[in-house]
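Note sheet for the following structure.
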Amino acid sequence: MIDACVHTITRDGKYLEACLDAICPFVKKVFVAVDSRSSLFHIRPRPNLRVWIFPVRNPYYDLVAMRQSMIEKTQEPWVWIMDDDEYYPPDVIQRISQRVGSADAYALQSWPVWNPTQHHVATSKAWIPRIFRNKGLKWSGKFGKERLYMEDQLPYYERIYERYIHLTHMKHPLWRKEMGQEREADARRLGNNPSDITRIVSSLL
């Protein structure tokens, strides 16, 4: 088990339960903050899961405050950011657990799936910091441009050569739509998913 607290914010998270099922058995604690405007009223209880409703009036700033509220409640030595459209296969989590320890932050790549058999090539190349040592962490900025600082500086991260499954193109997130931040992804530049990724994505639908 990783001595980490997973942080998730959600609004009607279509894939949230599946994402939680995958990661909860491998981490000490999971926090989920739910946008108060969400129609998602029930999340299945789990022994290490804590859920609360966060009042959202100005989403540009309140969504970042949701993230910060979890930092302030976390006592575990590691913070793992996992949004409600990020699925980690159990074998990937196990390999990640063997890497976490010496650095202050870790970044991964994703399979940004467009459909069960294809992914978006352009966004599959990005390295995204996801695991942070719980040391002076603070969120700053407004939603869509928020950054997690470590002792007032952007954290230097090591790369972990594992990929999670990013379902954002299939989720159609309400937050980005209401704020005019919908990503300009389209069906061009698609690559074929590995067979195991196709199998997992198909099972989530």
In Hz, Karplus ³J(HN,Hα) per residue of the stretch 92-97 (6.51, -1.76, 1.60; θ = phi - 60°; x = Gly, Pro): 5, 4, 4, 5, 4, 4
- prompt: Taking Lys125 as the anchor, which aspartates and glutamates have their alpha carbon closer than 15 Å to its alpha carbon, excluding any fewer than eight residues away along the same chain?
  reply: Glu162
task: Would you mind estimating how fast the stretch 69-119 diffuses translationally, via Stokes-Einstein at 4 °C and 1.567 mPa s with the Kirkwood radius over Cα pairs, in µm²/s?
output: 97 µm²/s
query: Stokes-Einstein at 25 °C, 0.890 mPa s, Kirkwood radius from Cα pairs: D for the chain in µm² s⁻¹?
result: 141 µm²/s
query: Which lysines, on any chain, are close to Lys14 with Cα under 17 Å apart, when same-chain ones fewer than 8 places away are left out?
result: Lys171, Lys177
query: In deg cm²/dmol, rounded to 500, what helix-only [θ] at 222 nm does the chain give when every DSSP H run of at least 4 residues adds -39500 (n - 2.57) and the total is split over its residues?
result: -6500 deg cm²/dmol
task: Name the longest site-free stretch of the chain, where the excluded sites are chymotrypsin sites (Phe, Trp or Tyr not before Pro) in a DSSP loop with no more than 11 other beta-carbon atoms within 10 Å.
output: 42-155
message: Through the Karplus equation 6.51 cos²θ - 1.76 cosθ + 1.60, θ set to phi - 60°, convert the phi angles of the stretch 78-84 into ³J(HN,Hα) values in whole Hz; use x for Gly and Pro.
response: 10, 10, 10, 7, 9, 6, 6
query: Where Rh is the Kirkwood radius over the Cα pairs of the stretch 1-88, the temperature 4 °C and the viscosity 1.567 mPa s, what D in µm²/s does Stokes-Einstein return?
result: 100 µm²/s
- prompt: Where only protein heavy atoms count, and the probe is 1.4 Å, what is the accessible area per residue for the stretch 41-111 in Å²?
  reply: 48 Å²
- request: Enumerate by residue number the trypsin sites (Lys or Arg not before Pro) in the stretch 41-146 meeting two conditions: DSSP loop (anything except H, G, I, E, B), and at most 10 other Cβ atoms within 10 Å of the site's Cβ.
  value: Arg57, Lys145
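The values are calculated or read from the model by the stated rules, or taken from the named source; none is laboratory data. Note that the structure is a prediction, hence the values are computed from the model and not measured. A quick note on method: Cβ atoms are made from the backbone with ideal geometry, for glycine too, and the neighbour counts reach across all protein chains shown. Ligands, DNA and RNA are excluded from the accessible area calculation, which covers all protein heavy atoms including side chains. Shrake-Rupley method; radii C 1.70, N 1.55, O 1.52, S 1.80 Å.
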